[in-house]
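In what follows, a single structure is set out as structure tokens and then discussed.
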Amino acid sequence: MSQVFTLPALPYADSALAPVISAQTIGFHYGKHHQAYVTNLNNLVKGKEYESMNLEQVIKASFGKDAPVFNNSAQVWNHTFYWNSLTPNKDLTKPSAKMAALIEKSFGSYENFKKEFHAAAVGQFGSGWAWLVAEGADKLKIVKTPNAETPLTGSDKALLTIDVWEHAYYLDFQNRRPDYVTTLIEQMLNWEFAEKNLA
Ligand code: MN3
């Protein structure tokens, strides 16, 4: 049976994150870039073994073996994960007591977590992603990945991500990647999503 990959709906209106992430950025980033990865993936998997797999299976099967399929499938997944990592709902931008305890245990303090996440996002040379991941059940870590790479191909569980490809911030922040990252970390991280991923 032939699998058709689809672009998941955005979890909020395209203007919901403005002015930090403008509707114009969402229009290009979600409407053009994310959609293009979906379209490319559907074209690339035609007639191949990937057609019988779900998205996560395609990412794992193509990693290190089939760059075009990996890049497009991982970018579909990473972007969906990114949209869900952000929220306009201020009630969700504070970690729960359980998550806060885990953050403190893993990073020493919430302030240190923010510093490490920021440093990874700013320090990723060129295009890529910064991630909060869980190693096992009770240790959190910050990692960064280049281009389309994703924690999904390893043993860490992804909890939150920030896209640091220039297309994520250039219309709103131009070259000021540090300001984009700071604003997301201070105002928009969806801790409810992070907690769901940890469960
Ligand atoms: Mn992107």
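The values are calculated or read from the model by the stated rules, or taken from the named source; none is laboratory data. Everything numeric here is computed off the predicted structure, so don't read it as measured data. Please note: Cβ atoms are built from the backbone with ideal geometry, for glycine as well, and neighbour counts cover all protein chains shown.
Just for the range 111-146: of the residues that are of a type in the set (Lys, Arg) and over 16 Å from the mean Cα position of the chain (by Cα), which one is surrounded by the most Cβ atoms within 10 Å (Cβ to Cβ)?
Lys114
Hey, does the range 76-93 have a residue that's buried (at least 17 other Cβ atoms within 10 Å of the Cβ), charged (D, E, K, R) and more than 30 Å from Val4 (Cα to Cα)? Working first, answer last.
To start, the set of residues in the range 76-93 that are buried (at least 17 other Cβ atoms within 10 Å of the Cβ) comprises 76-88, 92-93.
Among the residues that remain, those that are also charged (D, E, K, R) are: none.
No, the range 76-93 has no match at all.
Can Thr39 be described as in a helix (DSSP H, G or I), touching an Asp or Glu at 6+ places or on another chain (Cβ under 9 Å) and within 16 Å of the ligand (Cβ to nearest atom)?
Numbers: in a helix (DSSP H, G or I): yes; touching an Asp or Glu at 6+ places or on another chain (Cβ under 9 Å): no; within 16 Å of the ligand (Cβ to nearest atom): yes.
For Thr39, the condition - in a helix (DSSP H, G or I), touching an Asp or Glu at 6+ places or on another chain (Cβ under 9 Å) and within 16 Å of the ligand (Cβ to nearest atom) - is not met.
A Cβ distance below 8 Å, combined with a sequence gap of six or more or placement on separate chains, defines the contacts here; from the range 145-157, residues that are touching a residue at least 40 places away in the same chain (Cβ under 8 Å) and closer than 14 Å to Val58 by Cα reach residues that are part of a strand (DSSP E or B) and of a type outside the set (Val, Ile, Thr) in the pairs Glu149/Gly128; Glu149/Trp129; Thr150/Trp129; Thr150/Ala158; Leu152/Ala158. Cβ-Cβ contacts under 6 Å between residues 6 or more apart (or on different chains), taken from a first residue in the range 17-29 that is farther than 13 Å from Trp83 by Cα and of a type in the set (Ser, Thr, Tyr) to a second residue that is within 14 Å of the ligand (Cβ to nearest atom) and at pLDDT 95 or above, are listed as Ser22/Asp172.
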